[in-house]
Every structure is written in structure tokens, then in C-alpha cells.
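What follows draws every value from the coordinates through simple rules; no lab data is involved. None of these values were measured; they are calculated from a predicted model. Positions of Cβ are backbone-derived with ideal geometry, glycine not excepted, and every protein chain shown enters the neighbour counts.
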């Protein structure tokens, strides 16, 4: 019995053969056989005896592990090059930015290290969003990184841990894809190319540039390998494979619950496609394999449920858990893309606009990178050509189906032509799944394209090698002199085949690589702390709850980096994530709205209302604030400054009814249990005080004194 795979007919396993279950109609050859059917050296007969010799064992070990070690070395070298700006300077204090989402991930790396040494829960913290706290499993907390890298954080701080994680993410993701492809290709460089595309795709590189550790994609290829083992290859016991699969599901849960859901949806699509194929063409074989598949999935589910029972309860019912839409003000499916974004690069004007916003409000401080979902026309054309040329390879069809489906799942219904149906019209109504950002299905698009590219490059080499060998055989049938002259002029068949395969790889990934040409290595910045947080903050007495400016309430997140670098010396008001959206602020919502506007998008000429004072005061009381800190320090980056420092100082003076003290280039108010009542001041008087003397830095306290003097003499409330 034979099966058609990769353009050739391969011997199928025979029922009752040693070590193999009967039937193999779905089997796909791996690294043991070339696509052209030639043998890769599967030991048999006397070779078993020979293999016992130490030198042969060493040779086999080298052949098995050396390609992976070499690939990992190259991947790491590329990743270090990306991050060279940190590693070549001060990796304990320099990274892409101590702002924006990078600041949040600094916090997520610091908290587990702090919690483990202070007896706190790694799943819950009141050091953010005080006093209700943060359920870390409801946020992008990457607990797997935080716990594993805790020793690095203890020794060198969270900035070093962020640099280590960001450097490892592309390399480990690429290595994982390399390992998956080595199951299916015979030429290690083909697997290397697939790993390179996957690990250093715009999706991952853009993610680590923004500080998003949840773009780690090393686990999905391993999950695919387990599914392949259960449904196709059948080399290991299903219970063992299921146990590994359950462990991988658990690991991905603690890296990114969103990515786990994305992987689950995409895997379901692939399994349905594979199942339909089996029902149509190999129904008997599917029935035969059903027991193995059921056992494997049953064990995987059992292991995952056992390991995740408490974390799942904590996610959906634990303290400070979120329910419904994670971002209540954003419609499901909004953060999607259009089909054109897969093929066109962002324009210079779009790049300039994005760069300006990131530099001002917190984000990657270099030139903004192009969109994460970019594939390019060249890569897609290579994939289409590969499917056509090697259309008998069912793996290409399977992953083409998965790739097209994942692209469709990236499309946002709000950015699509009216009347066209997209999957998010359904997914947007399914609880839990509705919280996925559609554009992040691009991670699975890159997984599918990387697998296809690796297989196509391997096919290109094998086909060229067969052609070259046939050409040599034809030459040998000619006269000896003519054959010798032809051989002298022609490169070796293996070299020709390798060059053709390399050309295919360059055509496919060259345009993507060129988008980084003027933007690498990534730009790194020192993590800047205002002087007060660098000198006073680490030495505060226990129990301090700090409201800082800019507050972590209105889109600027730098204060989370201050807290993380200071070793969690104080609790912080706010946190600027889904837990802190105004809809979840309760009675403090009016005050949060005022402070968010003060931080992010305030117009001092029209913003102040007398009611703002009372609203902010109620919020400060509800949050249990003990200290208000407004840095007033020239030279700080834009993302470390609020929209209008003078306005913030005036507002806090009126709210707390007292002048601040000035220390370490920051205005501070100690909020006692019974602070003075808020002042009553007219909007005109308030605006006049804010504009006084252009707010000179430090004493004299021009603005606070003006507010105290301009108040109408009464105190509100």
C-alpha cells in the first residue's frame, strides 16, 4: 500500500508491522525520508549492531542535535543584534522605554519577584488600583516570565528581566518552529528559514519593540507537533503525548490567555479541515485512529483541568476579576485590520503620525515599525506557487487553509465594506472570545506561512536535486569526453539545489526583512525616574498609597515603571489597564475622569469646573491616598510629564486645601486622615493662577499661593 505525499509515492506502514499500528493513510514523511523518496539512513539489519559503536552513536547525536544548536545560535545572535542598544550599554537600566506598555511589563516582571519574597499572592495585588487591587490573570501579566525570571529580577532588577525576556522571545519562537519543521523536512536550512520567518516576523519584532512580552509564540508550534503526533505520526503513546499537550496548554495560559484562545480556535479549524478530509477519503482509517485521538485529547484535557482548575476559578471568580467585555467602551472586533494591510506597508505619513504619538505619550522611541500583520506580495506568491507545484503534498493544503482562515479572523467588521460577512460578526457575540483583539490572529497566519515556506523550500531543493541527478545520468550516457567536459562546467547537484532553495527563501522573506533595514538595531532609552522617585520613593515608610502625576489613569503609564524600579516601595493609585477603565471606577469615576483629562488631553482654558475639586477629593478618599507627588523637573522625557503640570498643582492645592512642600524637584502633599477641606475657587480665578508667571520650577510657590489667595474664603464641603 502506498500514499501520495510531496509529489512522490511513499511506502505506507503495513498492518501488523513491528512497532507500528495498522494503516497509515494519513502519515506524512518526516526527516527520515527525502521528499523524492530517497532514504535518509533509517537503521535496519546489521546497522543496529553498528550503531552500538561509540563513534557511531556520537555521529548520530551530532546529526540530530547539531542543526538545532546551530539554528539557536544564529537566532540568538540576530536577537541580540536587535537588542544591541541595551546589551552594549546598561542592560539593567536601559530598554526600549520605561513608558507605555513597556512600563506595565516592568511591573508584571517585578511583582512576582516581590510577591515570592514577601509572602503575597502572585495572582493578585493591591499595589495597583488600590484598594480594590488587580487580578493578574485578567490582564497581560505573563506570569510564566515573571516567575521564571524572578532570580534575574532579584539580582539585577526588572529592566534586566525585560531585556532578557525580549531577547529570548524571537529566538525561542524561531527555535520552536525550527523543531516543528524538522519533523516534516529533510533539509535543516529549510526548517531554519521557516523558523526565521516565524520568530522574527513583524508580529513578534513589533511586539517586543513595544514591550509586549505576550507576543511570545514558542508554545503554539509545540502544540501543533502534539496534534500531529496524535492524529498523524503515531510514534509515541497517546497518553504521553496528551500529558505533554496538557502541560503546554497550562504553560500558554500563564504566558497569554488571549494567545491560548487564539491557538485553540485556529487548531479547531485545522482539526476540522483534517477531519473532513479523512471522512471524505479515509473514513476507515479515521475510525481506526479514533481511540488513540480520544485518549490523547482526554489525557490532555484532564491534565490541563487539573493544573488550571484553581487559576481558572481565580480568573472568573477571584478577587478583582473582570466580567463581560474587558474593554467595555470598545466594541468586539474593533481592533482588527483590512485585507490590504497584509500586502501594503504603512505610508510615511502614517509612520510619522504613529511615531509622534509614541514619543509623546509613551511607546517605542525609535521610528515606528510597520504593521504587525504585513506579509507582502512576494511571500504570498511563493506560497501560492508552492501549493500549485507540489499540490499533492497535503500539508501545504492544510496549512494554507489555516492561514487563510486566520487572515479572515484578523478582519474587523468595522473596517470592512458594508454587506461583506467576516467571522467577527459571530465571534464578537461569544463570551470570552469576544475579548480577543482580532489583529492578533496574525500570529497564526505567520505560523501557517512559516510551515508552508519551510516545506516549499525543502521541496525546491529536493526537486532541483532530482533534476540535477537526472541531468548527470543523461550526461553519463553520452561519450566519456563530453560527459567530463559537461561535469567540469556544471556546479555540483547539491550546490545547485541549495542555491535554488536559498533563492526561493530570499524572494519570500526579503521584502519583510527590508522593512527593518533603516530601523535596526532597535532604539533603546534609559529608564528615567524623576528625582523624587529615585531618591525619596524607595525609602517611604510602609503603607503609602501614592497618586503621581502623570497619573496612571489617562494613557500615560510611566509611573508603573517608577514603582517597579523602586521595588514596590509604595502602592499606586490607578494602573491604566482594563481594570482601571472609568466604567469600573464606581463612586470614584467622576474624579478619575478629571485626573485622566489632567494627565492626557486637557485644555486648561476650559477644563476646570468648581465641581472638579469635590470629585477629585472623593476619589482620593475612596482610593485611600496618603501621598500626592507631582514631579516638576526640567529635562524629563515627554512621556514622564503630564499635559499641564501647573494645572495639576493648582487642582491639588484646591482639592486638599493646603500648599504643597517641594522636595527632590517634586511637589508633594501628605494626605492625612482628616485633611483640610477643599477650597472654593471660580474658574476664572483658577485659570488666572495656572497662567501665573509661566509656572517657574520650584519655589517660590507661585501657583499654590495664588490658588490659596484667590479662593473665595470658604471651603467646599
For residue 391 and residue 348, what does the FRET efficiency come to when R0 = 41 Å and r is the distance between their Cβ atoms, rounded to the nearest 0.05? 0.55
What order do you get for 314-324, 232-242 when each peptide is scored by the mean count of other beta carbon atoms within 10 Å, highest first? 232-242, 314-324
Based on the mean of other Cβ atoms within 10 Å per residue, sort peptides 159-168, 433-442 so the most packed one is first. 159-168, 433-442
At a 10 Å Cβ-Cβ cut-off, how would you order 414, 178, fewest neighbours first? 414, 178
Determine the gain in length on full extension of the stretch residue 295-residue 156; use 0.36 nm per residue of separation and subtract their C-alpha separation, reporting nm with one decimal. 45.5 nm
If one computes the Cα centroid of region 552-592 and of region 227-246, what distance in Å separates the two points? 45 Å
In nm, give the distance between the simple-model label positions of residue 589 and residue 378, each being 7 Å from the Cα along the Cα-to-Cβ direction. 5.2 nm
Proxy exposure order for 524, 452 (fewest C-beta within 10 Å first) is 524, 452
So how much slack lies between residue 663 and residue 540, counting 0.36 nm per residue of separation and subtracting their Cα-Cα distance, in nm? 42.9 nm
Extension gain, residue 531 back to residue 503 (0.36 nm per residue minus Cα-Cα distance, nm): 4.6 nm
Arrange the following residues from fewest to most other Cβ atoms within 10 Å of their Cβ: 313, 424. 313, 424
Remind me, what semi-axes does region 531-710 give for its equivalent ellipsoid, largest first in whole Å, using sqrt of 5 times each Cα gyration tensor eigenvalue? 22, 19, 16
In nanometres, what is the gap between the two model label sites at residue 268 and residue 518, each 7 Å from Cα along Cα-to-Cβ? 4.4 nm
